[in-house]
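The values are calculated or read from the model by the stated rules, or taken from the named source; none is laboratory data. Everything numeric in this text was worked out from a predicted model, so none of it was measured. Quick reminder, even Gly has a Cβ in these numbers, built from the backbone with ideal geometry, and neighbours come from all protein chains shown.
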């Protein structure tokens, strides 16, 4: 049997974006020792058999700095690396792949092996999911024009902050309540509906102002935009005599009528709605019929969905709900495909809580760890190299 290639023997680690940013800061330091250490950091790990596994969510965060020169330096640093691993994107010119590319690969694997659980799907998806090459292969030349992405990146940041601020908000506790209690309520008349929306708006403004990301400039404006959408959604079902208003709201949001289970809790229904929205994006990318994909793939089969749902259900609700939490979870979704995944303190604690509640999450996130800086990261990987 031929000797395995070095790439097949390589072990993968996912750095926290802060580690990459710190390396670049050191590479720009006035200290010759720090510059040399930053330049040798990744090559030294490669020599020990470790390759960094990158994705779009690393790049997205690295591009978000007020100083253009720092962003340019970060890209130059990644381009200078002779060997890295990255998630393949559907469109190679887009750079490393994102959470959508992970989901796409997992869905294809689940379709090919309908009885597979999330571990088997992970194993099947891994083969074509990860690419190897130089930093210039991972991040195309077109990223030299990264400034053209500035507006889109800013909007993405704002959207992440909005999601983090609003997703956990409930005017009253209802996640464990069967949706039948909501479905069977009669529609309010316009005056009563307007009064209720006013109370919800006040509650949401307070929620965003006190619990939202501190970088949200205007809690009132964000809450108003959200409640206006709620109002439009509500008016869209007024006058429909064939379906109950709550059912029609769920259908308009993206659920198919046959998937609405009155005995399911509100939280379970929202998880299903989120899954179907994500799966529809995958269906469009794969050009597969939606009904066929939905029939053949469950969210319990897809590692990304197991991790996202577990984190959503079991993560600690922090006093400040930062927009960066969304990206942190996306990076955690690389854990099934890496030997080590480095996360921040908050994400590590949330993963610990989820691990105690979900055996499958526990199996998918083996190797998740925290390193305060690059020196500690290197020490962890070097120690593990000696034990293998």
Quiz item: From the list 291, 247, 251, which one is more than 22 Å from residue 156 (Cα to Cα) and exposed (fewer than 12 other Cβ atoms within 10 Å of the Cβ)?
Solution: 291
Quiz item: Considering only helices (runs of 4 or more DSSP H) fully contained in segment 105-170, which possess at least 1 residues that are within 17 Å of residue 93 (Cβ to Cβ) and out of contact with any strand residue (DSSP E or B) (no Cβ under 6 Å at 6 or more places or on another chain)?
Solution: 135-138, 150-166
Quiz item: In this structure, does residue 193 turn out to be at pLDDT 90 or above, in the same structural domain as residue 268 (by TED's automatic domain parsing), touching a helix residue (DSSP H, G or I) at 6+ places or on another chain (Cβ under 9 Å) and surrounded by 14 or more Cβ atoms within 10 Å (Cβ to Cβ)?
Solution: no
Quiz item: Would it be correct to say that residue 223 is out of contact with any strand residue (DSSP E or B) (no Cβ under 7 Å at 6 or more places or on another chain) and farther than 20 Å from residue 167 by Cβ?
Solution: no
Quiz item: Mind checking which residues of segment 350-368 are more than 13 Å from residue 306 (Cβ to Cβ) and out of contact with any strand residue (DSSP E or B) (no Cβ under 6 Å at 6 or more places or on another chain)?
Solution: 350, 352, 353, 356, 366
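Being crowded, with 18+ Cβ neighbours inside 10 Å and in contact (Cβ under 8 Å) with a residue 12 or more places away in the chain narrows it down to one residue among 171, 160, 134, 94; which is it? Give the steps one after another, and end with the answer.
Numbers: 171 fails: crowded, with 18+ Cβ neighbours inside 10 Å; 134 fails: crowded, with 18+ Cβ neighbours inside 10 Å; 94 fails: crowded, with 18+ Cβ neighbours inside 10 Å.
Among 171, 160, 134, 94, only 160 is crowded, with 18+ Cβ neighbours inside 10 Å and in contact (Cβ under 8 Å) with a residue 12 or more places away in the chain.
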Quiz item: Among 347, 329, 341, which is the only one that is without any contact (Cβ under 8 Å) to a residue 60 or more places away in the chain and in contact with a strand residue (DSSP E or B) (Cβ under 9 Å, 6 or more places away or on another chain)?
Solution: 347
Quiz item: Just for segment 263-285: of the residues that are loosely packed, with under 14 Cβ neighbours inside 10 Å and touching a residue at least 60 places away in the same chain (Cβ under 8 Å), which one is nearest to residue 305 (Cα to Cα)?
Solution: 281
Quiz item: For the subset of segment 85-104 comprising residues that are assigned to a loop (DSSP other than H, G, I, E, B) and closer than 17 Å to residue 17 by Cβ, which member is farthest from the chain's Cα centre (by Cα)?
Solution: 95
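Residue-by-condition table, conditions (1) at pLDDT 95 or above; (2) more than 26 Å from residue 215 (Cα to Cα):
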residue: 325; (1), (2): no, no
residue: 333; (1), (2): yes, no
residue: 343; (1), (2): yes, no
residue: 368; (1), (2): yes, yes
residue: 376; (1), (2): yes, yes
Quiz item: What number of residues within segment 37-84 are assigned to a loop (DSSP other than H, G, I, E, B), modelled with pLDDT of 95 or more, touching a helix residue (DSSP H, G or I) at 6+ places or on another chain (Cβ under 6 Å) and closer than 26 Å to residue 322 by Cβ?
Solution: 1
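Residue-wise test of (1) in a loop (DSSP other than H, G, I, E, B); (2) crowded, with 19+ Cβ neighbours inside 10 Å.
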{"position": "317", "(1), (2)": "yes, no"}
{"position": "352", "(1), (2)": "no, no"}
{"position": "356", "(1), (2)": "no, no"}
{"position": "360", "(1), (2)": "no, no"}
{"position": "371", "(1), (2)": "yes, yes"}
